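Inspection log for the structure reproduced underneath, given as structure tokens.
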Amino acid sequence: MSLEAYKWAASLAGLTRREKTILKEIGTRYNEKVRMAWPSVKRMSSDTGYSESAIYEALNSLEEKGYIERVPAYDSWSGARTSNRYCLPLFDPLSIPPQSGYLKLEHYFDTEGKSQIESRNKGEPVKYSIFD
């Protein structure tokens, strides 16, 4: 959770109530270590009370306005589609992966129960595997 990302989203003017609510929802779930958030549309719908179609409309609008960037993600073992990753380029310019494409996710935990991001990067910036 990022209180700073939430505050940033809450302070913005010129957004509809729905857009601001969805942006705050993403901000609430923004992970500052990996510089992304990944709430599912179903979760955002449940938490906000908006329909899934209303969530998609708000996400499309927020992306068009440059507040978010969606990165499709796939599980590295099964290849199954997972929740999009949401970058906040106006809040954190370093959050955008360096190339377009989709994100291949490695499994989150090693055999010692540590996050693979923590184990692999040891405090270094997160490196993304981007595929076209």
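The values are calculated or read from the model by the stated rules, or taken from the named source; none is laboratory data. Owing to the predicted nature of the structure, the values given are computational and were not obtained by experimental measurement. For neighbour counting, all protein chains shown are included, and Cβ atoms are generated from backbone atoms with ideal geometry for every residue, glycine included.
A few points about this structure:
- The set of residues in the range 81-95 being more than 12 Å from the chain's Cα centre (by Cα), hydrophobic (A, V, I, L, M, F, W, C) and more than 11 Å from G27 (Cβ to Cβ) consists of L90, L94.
- Taken residue by residue, the range 101-108 has no member that is at pLDDT 85 or above, surrounded by fewer than 18 Cβ atoms within 10 Å (Cβ to Cβ) and either of a type outside the set (K, R) or out of contact with any Lys or Arg (no Cβ under 7 Å at 6 or more places or on another chain) (or both).
- Residue that is modelled with pLDDT under 85 and either under 21 Å from P39 (Cα atoms) or surrounded by 12 or more Cβ atoms within 10 Å (Cβ to Cβ) (or both), where the choices are G123, G79: G79
- Every condition in (1) in contact (Cβ under 8 Å) with a residue 24 or more places away in the chain; (2) within 17 Å of the chain's Cα centre (by Cα) holds for W77 except the one numbered (2).
- The range 9-49, subset at positive phi and not basic (K, R), residue surrounded by the most Cβ atoms within 10 Å (Cβ to Cβ): G49
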